[in-house]
Protein chains: 2
Amino acid sequence: MIRNIYSKWYNKFALICVAFVLFGISALAEENVEKYGIVIHGGAGTITKKAMTPEKEKMYREKLNEALEAGYKILENNGSSLDAVEKAITILEDCPLFNSGKGAVFTNNETNELDSSIMDGKTLNAGAVTGVRHIKNPISLARLVMEKSKHVMFVQDGAEAFAKSQGMSLIDAGYFRTERRLKQIQEIKKKEQETGKKISSLPLCTVGAAALDKAGNLAAGTSTGGMTNKRFGRVGDSPIIGAGTYANNKTCAISATGWGEYFIRSVATHDVSAMMEYAGLALSDAASKVIEKIGALGGFGGFIAIDKKGNVAMPFNTRGMYRGYKLNGKKAVIKMYRE
Amino acid sequence: MIRNIYSKWYNKFALICVAFVLFGISALAEENVEKYGIVIHGGAGTITKKAMTPEKEKMYREKLNEALEAGYKILENNGSSLDAVEKAITILEDCPLFNSGKGAVFTNNETNELDSSIMDGKTLNAGAVTGVRHIKNPISLARLVMEKSKHVMFVQDGAEAFAKSQGMSLIDAGYFRTERRLKQIQEIKKKEQETGKKISSLPLCTVGAAALDKAGNLAAGTSTGGMTNKRFGRVGDSPIIGAGTYANNKTCAISATGWGEYFIRSVATHDVSAMMEYAGLALSDAASKVIEKIGALGGFGGFIAIDKKGNVAMPFNTRGMYRGYKLNGKKAVIKMYRE
């Protein structure tokens, strides 16, 4: 009988031991799963539920989801964060809903002038172009500058000459001419004539992406048509490394959207990284603090960011921001409003 | 007799008291003297005593001294750090010894395309222009962008149209055509033809200034002709806020010179400020650390910087850097070589 009791307890004890070991192994396995993911934005501004129709909301959601899933798929298949960022941005550039590529706004001269930049967090290499008019996907040209030249930034005709020298085809400027944007600029110019005042319409719907791949490398990119009615070859933050785009494997990858001048003056995306590196702040705290600083200066906008551990932050101080992320093993999250 | 002794001691004691009070007042006065000063550079590169003639050295010294004294005089007369920076840079731009304004190098197309930026540490406002060809003093146009537009950066023809709209006169591009620089580009192009290889001559003799005025306001500016033989409207760090130029009353004012691409990728001038603000580093430590980081990436160059307390730093990782500073109550210091 004693032997029986002993054996019963022994069996229970053994079972508990096995459970512990299995639990330990599974916890360890969980810890060792590579974190990876992508976060994107389609611009910050006065985006409210009230001003949106269900049809319009559906279109934005579907396109953001398409970009997110395409970028994520690359990461899942062991692709690089650079490839994921470029792919996601290309999809948004090709969609007339956003102010980049096909949907770019018009300048005061009724041209479309596009800016873009990309950065590799592993090497701190970067590429940027500004004021291009015949490049279907400016993000791909920015990447070409990064990878095929010793330089970081090319401007206007020069950037297009570089594209040509690399075998990238230039397209007719008419490609960028959408009715919606043309109507926008014509209404603004009419109003200028009526009031005698110059109107700078603030930028909306710049696009960007940031990603962490399975190898632990971060990358970020941004693409925009800039401000409606812009003059004088104005350059905003999107093609400026440290302002609109920044990536560093030590800290985070980040893309900005909003009133570009304030992001340039704040060296905004680098400031987030610097707060993490030098003050030990978490990504979400650093990103929120920089948006607060920009607000205090009188500016507005937002960031999307991912850090080296796969944490995501998407702070903004506008009414809304088209945004979303997808992390490994999790469902995609897409948001538009302040919620 | 007792009264006599008493009176004698009393007199001595009174004298000591008076001395103490006077010493105290003078010490206090010393403490309250406003710190102010200016620091400038005329570019970093292979500047060695061996390669220099006494006549050439004298010319550089005299021009650096002239710029330093002109900026300093403004500070001494209660002028602003912005005025001091603009004045000092204007003098260097007007001198063919340096690669900015009159002495700018040639592009591959045998044009002179100038970049400049300026930043106000009090307001974090900033202005920048890139690729201008008909502006005698690009630093003054950068300041005009900062003060007379809502924008930070204008490019090429657009920047010149803005200048014109503000009543700034455009000059004939022939003004920038110096024999020395023309010979340089022609020799490089000849070599390119002979070897069949493309040559990017690294930038030398960018100019810059940073100043602290009596009101405690910091400012910085940078001006350059960029790389000899540059193509594709290449933009270096000089017109990029946070890369070539940065000023923030919380920390320091700083201007960079060297291989611009590395300064852009390092967001170099903002990184110095961020190390001071977030990690509590002294100016000289922060500036040296960033130059080390640039060196580790494979880049070279230097900074000139002044902090809110009037400390100056001038680190570089090249053979030499044209540089100098003048602080209140002190003699001007001008250096060229590693010493």
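The values are calculated or read from the model by the stated rules, or taken from the named source; none is laboratory data. Since we're looking at a predicted model, the values are computed, not measured. Don't worry about glycine lacking a Cβ; one is built from the backbone with ideal geometry, like all the others, and counts go over all protein chains shown. Note: areas computed on protein heavy atoms with side chains; ligands, DNA, RNA excluded. Shrake-Rupley method; radii C 1.70, N 1.55, O 1.52, S 1.80 Å.
For the stretch B:290-321 and the stretch A:138-156, what is the centre-to-centre distance using only Cα atoms, to the nearest Å?
Cα centres, the stretch B:290-321 to the stretch A:138-156: 27 Å.
Taking H placed 1.01 Å from N in the peptide plane, check which residues at least 5 places from A:Glu34 or on another chain put their amide H under 5 Å from its amide H.
Placed amide hydrogens put nothing under 5 Å from A:Glu34.
Highest GNM mean-square fluctuation, chain A, Cα pairs closer than 10 Å: which of A:Leu141, A:Leu212, A:Leu182?
Comparing A:Leu141, A:Leu212, A:Leu182 in the GNM, the peak value goes to A:Leu182.
Heavy-atom accessible surface, probe 1.4 Å, ligands and DNA/RNA ignored: which residues of the stretch B:140-156 lose at least 20 Å² versus the isolated chain?
Those residues are B:Lys150, B:His151, B:Val152, B:Met153, B:Phe154, B:Val155, B:Gln156.
In the stretch B:56-156, which GluC sites (Glu not before Pro) fall in coil by DSSP and have 14 or fewer other Cβ atoms within 10 Å?
B:Glu110
At 1.4 Å probe size, with every protein chain present, just tell me what the per residue accessible area of the stretch A:40-150 comes to in Å².
For the stretch A:40-150, the per-residue accessible area is 36 Å².
What size of dipole, in debye to the nearest 20, comes out for the protein assembly as shown about its Cα centre when the only charges are +1 on Lys and Arg C-beta atoms and -1 on Asp and Glu C-beta atoms?
Dipole magnitude for the protein assembly as shown comes out near 600 debye.
Please list, in order along the stretch B:309-322, the HN-Hα scalar couplings obtained from phi with the Karplus expression 6.51 cos²θ - 1.76 cosθ + 1.60 (θ = phi - 60°), rounded to whole Hz, x for Gly and Pro.
Each residue's phi maps through the Karplus curve to give 9, x, 6, 10, 9, 9, x, 7, 10, 9, 5, x, 8, 5 Hz.
As a test of the definition: with a 1.4 Å probe, what buried accessible area, both sides summed, do you compute for A against B, in Å² to the nearest 100?
3500 Å²
If you line up the Cα atoms of the protein assembly as shown on their principal axes, what length do they span on each, largest first, in Å?
Sorted largest first, the three principal extents are 114, 83, 60 Å.
I want to make sure I understand the PRE zone here: with the label point 7 angstrom from the Cα of B:Asn328 toward its beta carbon, which residues in the stretch B:33-61 have backbone N atoms less than 11 Å away?
The answer is B:33-37.
Compute the accessible area of each residue in the stretch A:248-275 twice, once for its chain alone and once with every protein chain present, using a 1.4 Å probe on heavy atoms, and list those whose area falls by at least 40 Å².
Buried by the other chains: A:Glu261, A:Ile264, A:Arg265, A:Val267, A:His270.
Using each residue's phi in the stretch B:242-258, evaluate 6.51 cos²θ - 1.76 cosθ + 1.60 at θ = phi - 60° and report the 3J(HN,Hα) Karplus result to the nearest Hz, with x for Gly and Pro.
x, 9, x, 9, 7, 8, 8, 4, 5, 10, 7, 10, 8, 10, 10, 8, x
With n ≥ 4 as the cut-off for DSSP H runs, can you work out [θ] at 222 nm for the protein assembly as shown, using -39500 (n - 2.57) per run divided by the number of residues, rounded to the nearest 500?
The helix contribution divided over the protein assembly as shown gives -13500 deg cm²/dmol.
Along Cα-to-Cβ, 7 Å out, sits the label point; list in nm, shortest first, how far the one on A:Glu187 is from those in the other copies.
The answer, with the shortest distance listed first, is 6.0 nm.
Over the protein assembly as shown, what is the percentage of antiparallel beta bridges among all DSSP beta bridges, to the nearest 5?
90 percent
Apply the Karplus curve 6.51 cos²θ - 1.76 cosθ + 1.60, θ = phi - 60°, to the phi angles in the stretch A:35-44 and return the couplings in whole Hz, x for Gly and Pro.
These are the phi-based 3J(HN,Hα) values: 7, 7, x, 9, 10, 9, 9, x, x, 10 Hz.
Taking the Cα centre of chain A as origin, work out the dipole magnitude from +1 charges on Lys and Arg Cβ and -1 charges on Asp and Glu Cβ, in debye rounded to 20.
For chain A, the charge dipole is close to 760 debye.
According to the Kirkwood expression over distinct Cα-Cα pairs, how big is the hydrodynamic radius of chain B, in Å?
20.7 Å
Name the residue from B:Thr222, B:Met59, B:Ala287 whose Cα lies farthest towards the positive end of the charge dipole of chain B, charges +1 on Cβ of Lys and Arg and -1 on Cβ of Asp and Glu.
It is B:Met59, whose Cα lies furthest towards the positive end.
Mind checking the per residue accessible area of the stretch B:165-266 for me, 1.4 Å probe, whole number of Å²?
36 Å²
With an 8 Å cut-off on Cα pairs and a minimum separation of 6 or more residues, tell me the relative contact order of chain A in percent.
23 percent
Roll a 1.4 angstrom probe over the protein heavy atoms and tell me the percent of accessible area of the protein assembly as shown that is carbon or sulfur.
After summing per-atom areas, the C and S share lands at 54 percent.
Can you pull the one-decimal nm distance between simple spin-label points at A:Ser284 and B:Glu339, each 7 Å off the Cα toward Cβ?
Going by the 7 Å Cα→Cβ label model, 5.6 nm.
Taking the Cα centre of the stretch B:214-339 as origin, sum charge times position over the Cβ atoms of Lys and Arg (+1) and Asp and Glu (-1), and report the length of that vector in debye to the nearest 20.
420 debye
What are the residues whose amide H is under 5 Å from the amide H of A:Gly324, where those residues sit 5 or more places off or on another chain and H is modelled from the backbone?
A:Ile40, A:Lys335
If you find the alpha carbon centre of the stretch A:228-254 and of the stretch A:30-72, how far apart are they in angstrom?
The distance from the Cα centre of the stretch A:228-254 to that of the stretch A:30-72 comes to 20 Å.
I'd like the FRET efficiency for A:Ile171 and A:Ala296, computed as 1/(1 + (r/R0)^6) with the beta carbon distance as r and R0 of 30 Å, rounded to 0.05.
Efficiency for this residue pair is about 0.10.
Placing +1 on the Cβ of each Lys and Arg and -1 on the Cβ of each Asp and Glu in the protein assembly as shown, which of A:Ala305, A:Asn109, B:Gln193 has its Cα farthest towards the positive end of the resulting dipole?
The residue sitting most towards the positive pole is A:Ala305.
May I ask you to find the residues of the stretch A:95-124 that are shielded by at least 40 Å² of accessible area once the whole protein assembly is considered instead of their isolated chain (probe 1.4 Å)?
Residues passing the criterion (a loss of at least 40 Å², heavy atoms only) are A:Leu124.
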